[in-house]
Structure formats: C-alpha cells, structure tokens
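> Take this structure first; my questions come after.
The values are calculated or read from the model by the stated rules, or taken from the named source; none is laboratory data. The shown structure was predicted, so the numbers you read here are calculated from the model rather than taken from an experiment. Here the Cβ positions follow ideal geometry from the backbone for every residue, glycine too, while neighbour counts run over all protein chains shown. All accessible areas refer to the heavy atoms of the entire protein, side chains included, with ligands and DNA or RNA removed. Shrake-Rupley method; radii C 1.70, N 1.55, O 1.52, S 1.80 Å.
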Amino acid sequence: YDDVCTIEAWPARYLSQGQVAPLSALVVYDAWSAGSGPGATDPALHAATVLTALLEDRGVTIAGAPKSGVAPAGAAPLTEFDSAPIAEIADEGLRFSDNTTMEMLVKEIGLQESGTGSTAAGLDAIEGWLDSSGFPTGGVVLDDGSGLSEKNRVTCALVAEVLRRGGADGVLAAG
C-alpha cells in the first residue's frame, strides 16, 4: 500500500480519539499501546514492537531493536495467514463501525483493480463500478472509505438502490 496514513479532510482528533488508526498495510491493535493510547505515528514500528514483546514473553531472544522499513531483497517471511473472506471483513467493519477496516478495504480494492494500494485508486475503482453497474451516482462524492470525511456526499437514491440490490439479507442491510 501507499504510505499515506490519513485522509486530508480528517481532523487530527480522529486519530487521537481512536476513531480510526493510521492507515498502513501493517497495523496491530489499531496502533494503540496499552497505557499510552492511540495513534502510533509509525504503525509498522508499533506492530514490530508488539511482535518483539510477544516473542520475548515466550522466551525468544531477539537481537536488535524493532524497526520499520522495506524488507531486504530475499528476506524470508516469518509467518503467513489467509485473510477472512471480504464479505466477512465488510460485515465486521459495518457491524462494529470499524473505520480502519473500511479504509483498508478501499486501499485493497485500489490494489486489486489498478495495482496501486491507495485510497484514491480504491475510490476510483468504486466509482467506476457504481457507474458501470448503473447505480444513480449523480451528486455522489467519495473522499474516504469510512465515511468520516465531511467531503463525502452520498444520495438517498444511491443508498436505496444499493440496499435494494443487496437484498434484505445482504451484508449491507445486515450491517
């Protein structure tokens, strides 16, 4: 993903209040630290710090301090795991109003559709899909994936049509 960790229109309080975590391909606990609260400015370093502590708690000796950066060429992965299905992730994001999850889904949509894991690429893909699917998009403005940006504008006609097509038992209606 890109290295843009916030949306320009968001007030700083969104991060400090924990309404959303810094946007990053690697985030643990929404970049919160026990006792110090939200908003690690380097989510990958926070994740590395958490992993280091977990390993050390289990008796693993770690040589060196945790750090973030680009992995060197040929580095071996420590672990891998399969993601939950997108429908499950979207359902959880909706049910718990998980703004970070919704923002990261938009970056992933951008990555899948254009090869660029950015909010802009994801929103472009979503807008293109809405248009090509015949949804009423007049007056619609998308600025982020969570709906936190005050620049977002979604019409009643669009919401009604999305819900109609998804059905009464669809992920969006349930969320």
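> For region 11-51, just say rounded, prolate or oblate: build the C-alpha gyration tensor, square-root its eigenvalues into a ≥ b ≥ c, call rounded for a/c under 1.5, and beyond that prolate if a/b exceeds b/c, oblate if not. Provide the component values of the computation, followed by the final result.
Numbers: a/c = 2.39, a/b = 1.43, b/c = 1.66.
It is oblate, given that a/c is not under 1.5 and a/b is not larger than b/c.
> Okay, next question. I need the phi-derived Karplus couplings for region 70-82: 6.51 cos²θ - 1.76 cosθ + 1.60, θ = phi - 60°, integer Hz, Gly and Pro marked x.
7, 5, x, 4, x, 5, 8, x, 6, 7, 9, 8, 7
> Under a 5 Å amide H to amide H cut-off, with H placed in plane at 1.01 Å, what residues pair with VAL141 once short-range neighbours are removed?
Answer set, sorted by chain and number: ARG153, VAL154.
> Using a 1.4 Å probe and ignoring any ligands, DNA or RNA, find the accessible area of SER33 and quote it in Å² to the nearest 10.
Ignoring ligands and nucleic acids, SER33 comes out at about 40 Å².
> What angle do you read, to the nearest 10 degrees and between 0 and 90, between the alpha-carbon axis of helix 86-95 and the longest principal axis of the chain?
80
> Taking chymotrypsin sites (Phe, Trp or Tyr not before Pro) as candidate sites, keep only those in a DSSP loop with at most 15 other Cβ atoms within 10 Å, then name the longest stretch of the chain containing none of them.
After excluding every exposed loop site, the longest remaining stretch is 1-80.
> Taking 7 Å along the Cα-to-C-beta vector as the label spot, tell me the GLU8-TYR29 distance in nanometres, rounded to one decimal.
3.4
> Below 8 Å between Cα atoms, with a sequence gap of 6+, how large is the relative contact order for region 29-175 in percent? Intermediate values should be presented prior to the final figure.
Values: 147 pairs, mean separation 21.5, N = 147.
It rounds to 15 percent for region 29-175.
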